[in-house]
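Data block below; observations after.
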Amino acid sequence: MLGPLAVTLYTVFMMFNYVDRLVGDPLKEHYRIDTPGIGIVILFVSLTLLGLVGQTIIVKPFTAFTRKLLKRLPLLNVIYTSINDLFTAFVGKEKKFTVPVRVCMDKENNLWRIGFITEKKLDEFGMKGMVAVYFPFSYSINGEMIMVPEDSVILIDQSPAEVMKFVISGGVTKLNSHDSN
């Protein structure tokens with residue numbers, strides 16, 4: 001426990017020291033400014049300003065142009081919006097994979113799959129009493145969505161992130177056990 005912590009702290013210290021010298025040494029040489037940590041502060045401010053300028057001057061016009069282009073190309077628009085929705089479901093503000101479940105796919109052989117409920121009502125498809133469950137594939141960002149009877153879904157009492165790691169890793173990552181204290 002102490003060894004990995006010491007190595008981690010030493011590595012972080014060396015990285016900060018390197019960056020501080022990278023920016024701070026020229027300041028000391030040319031302007032006679034010798035303040036420990038000034039290189040880190042200048043680098044942080046510079047990167048923040050660069051990110052702000054990049055977002056406002058470069059990214060916004062490019063995004064607007066891309067959206068206009070996609071509106072004119074319907075097939076690309078469908079592909080783009082589907083992929084965009086998938087990515088925002090994983091990492092966006094509106095995370096969609098928040099209800100982990102297990103579903104028995106073959107009762108005779110007792111085969112189960114782990115997935116996430118993405119839609120609780122499918123009445124608009126004429127599938128009353130059914131839910132949409134997304135089953136991610138291991139070692140991939142792919143998966144499949146299957147409509148299953150609501151009563152065949154069993155909720156998993158684990159964090160969605162832990163369950164997703166378990167599925168994506170092919171079961172190699174262990175789930176953290178819940179303490180009832």
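Structure summary
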{"quantity": "Positions within segment 139-153 being surrounded by 12 or more Cβ atoms within 10 Å (Cβ to Cβ) and out of contact with any Ser or Thr (no Cβ under 7 Å at 6 or more places or on another chain), in sequence order", "calculated": "G143, I146, M147, V148, E150, S152, V153"}
{"quantity": "Segment 102-149, subset within 20 Å of V167 (Cβ to Cβ) and of a type in the set (G, A, S), residue farthest from the chain's Cα centre (by Cα)", "calculated": "A132"}
{"quantity": "Unique residue being among the aliphatic types (A, V, I, L, M) and over 28 Å from L175 (Cα atoms) when the list is A64, A161", "calculated": "A64"}
{"quantity": "Residues satisfying the stated conditions in segment 134-158, i.e. in a loop (DSSP other than H, G, I, E, B) and touching a Gly at 6+ places or on another chain (Cβ under 9 Å)", "calculated": "F137, S138, Y139"}
{"quantity": "Check on G54, part of a helix (DSSP H, G or I) and of a type in the set (G, A, S)", "calculated": "yes"}
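Coordinate-derived values only; no laboratory data. As the structure is a computational prediction, the values presented were derived from the model and not from experiment. We place every Cβ from the backbone using ideal geometry, glycine too, and count neighbours over all the protein chains shown.
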